[in-house]
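The values are calculated or read from the model by the stated rules, or taken from the named source; none is laboratory data. Note that the structure is predicted; figures quoted are calculated from it, not measured. So basically every Cβ, Gly included, is an ideal-geometry build from the backbone, and we count neighbours across all protein chains shown. Note: areas computed on protein heavy atoms with side chains; ligands, DNA, RNA excluded. Shrake-Rupley method; radii C 1.70, N 1.55, O 1.52, S 1.80 Å.
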Amino acid sequence: MAGRAAEPEVIWARPERTGRGPRPAYRRADIAAAAVRIADAEGLDAVSMRRVAAELGCGTMSLYNYVPRKEDLHELMVDAVGAEHELWEPGGDWRADMVRVADRTRALMHRHPWLPRLMSPVYGFSPNSLRFLEHCLACLDPLDAPYGTKLELIAMINGVVTTYVSNELATAERTRSLPWSQEQENAVRIAYLGRQIATGAYPRMAAAFAEDAGPIDLEAVFRRAVTRVLDGFS
């Protein structure tokens with residue numbers, strides 16, 4: 001691939017454009033915004049250097065002067081949407097602030113459904129990611145714990161949110177691909193499950209369903225998952 005470095009490098013340590021010549025026609029922000037538009041509309045797999053170049057109206061090879069690798073393009077995308085993170089003055093209740101962080105991060109991932117696929121510690125040190133991480137640490141100022149523990153807490157919350165949203169998105173995508181409604185499928189599967197439970201082969205499952213056979217409150221499940229992580233650091 002043109003422009004691929006022989007050694008690892010950080011895109012943020014590179015100048016906006018390498019080489020001599022006229023003033024650059026594009027900024028990294030322009031390139032990232034084009035890639036995000038494509039990913040939001042068509043999914044991450046639709047994003048390529050060729051496609052982004054076409055969106056910008058430039059040649060593919062010229063784009064490598066700004067972004068040497070597709071991995072760098074992904075990092076630019078993660079940083080671009082990271083600017084949408086809400087940053088507020090911490091209220092002094094670290095648990096409430098971290099629940100708010102989790103809620104806002106979940107909403108961000110739903111606005112950009114491709115984002116969970118790119119969540120990686122490798123992309124955690126871009127300008128907007130660093131600002132967000134500093135904000136999370138400020139929210140955790142009241143927690144009496146070493147910074148290493150606080151960073152672990154942030155990583156665990158991020159992991160819970162990413163996993164939960166990934167499951168939500170996968171379920172929604174599967175439902176869209178079916179020729180019947182989710183309600184119809186649930187009814188058929190619940191009826192089948194009821195017949196299996198009735199055989200007596202699964203007494204613990206039978207007891208579980210007898211205890212609570214109502215619909216699952218997914219919002220409450222998400223909140224419990226987050227608060228249980230926080231409980232472990234209290």
Item to complete: Using the structure shown, decide if residue 106 is touching a residue at least 24 places away in the same chain (Cβ under 8 Å), closer than 18 Å to residue 155 by Cα, surrounded by 16 or more Cβ atoms within 10 Å (Cβ to Cβ) and more than 8 Å from the chain's Cα centre (by Cα).
Response: no
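Only one of 115, 140, 169 is at pLDDT 95 or above, within 15 Å of the chain's Cα centre (by Cα) and aliphatic (A, V, I, L, M); which? Walk me through how you get there before you give the answer.
Working: 140 fails: within 15 Å of the chain's Cα centre (by Cα); 169 fails: at pLDDT 95 or above.
The match here is 115.
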Fill in: Selection within the stretch 19-45 - acidic (Asp, Glu) and at pLDDT 95 or above
40, 42, 45
Practice prompt. Could you grab me the full set of residues in the stretch 157-189 that are open to solvent by 60 Å² or more (accessible area, probe 1.4 Å) and either closer than 22 Å to residue 92 by Cβ or charged (D, E, K, R) (or both)?
Written response: 173, 174, 176, 183, 189
Practice prompt. Could you tell me whether residue 161 is modelled with pLDDT of 95 or more, touching a Ser or Thr at 6+ places or on another chain (Cβ under 7 Å) and farther than 25 Å from residue 234 by Cα?
Written response: no
Worksheet entry | Pair list, Cβ under 8 Å, 6 or more apart: the stretch 165-185 residue basic (Lys, Arg), other residue assigned to a helix (DSSP H, G or I) | none
Response to the item:
Selection from the stretch 218-234 of residues open to solvent by 90 Å² or more (accessible area, probe 1.4 Å) and under 23 Å from the mean Cα position of the chain (by Cα) yields 218, 219, 223, 224, 228
Discussion item. Open to solvent by less than 40 Å² (accessible area, probe 1.4 Å) and either under 20 Å from residue 110 (Cα atoms) or modelled with pLDDT under 95 (or both): is that true of residue 126 in this structure?
Written reply: yes
Fill in: Flag for residue 206 being over 27 Å from residue 102 (Cα atoms), at pLDDT 85 or above and surrounded by 14 or more Cβ atoms within 10 Å (Cβ to Cβ)
yes
Item to complete: Mind counting the residues in the stretch 55-99 that are crowded, with 16+ Cβ neighbours inside 10 Å, free of Cβ contacts under 8 Å to residues at least 60 places away in the same chain, aliphatic (A, V, I, L, M) and under 19 Å from residue 131 (Cβ atoms)?
Response: 4
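Has the stretch 192-206 got at least one residue that is within 30 Å of residue 104 (Cα to Cα) and assigned to a loop (DSSP other than H, G, I, E, B)?
Within the stretch 192-206, none of the residues are within 30 Å of residue 104 (Cα to Cα) and assigned to a loop (DSSP other than H, G, I, E, B).
Kindly establish whether residue 38 is β-branched (Val, Ile, Thr), without any contact (Cβ under 8 Å) to a residue 24 or more places away in the chain and buried (at least 18 other Cβ atoms within 10 Å of the Cβ). Lay out the reasoning, then the answer.
Values: β-branched (Val, Ile, Thr): yes; without any contact (Cβ under 8 Å) to a residue 24 or more places away in the chain: yes; buried (at least 18 other Cβ atoms within 10 Å of the Cβ): yes.
Yes, satisfied.
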Worksheet entry | The lone exception for residue 52 - which of (1) open to solvent by less than 10 Å² (accessible area, probe 1.4 Å); (2) without any contact (Cβ under 8 Å) to a residue 24 or more places away in the chain; (3) within 18 Å of residue 161 (Cβ to Cβ) it fails | (3)
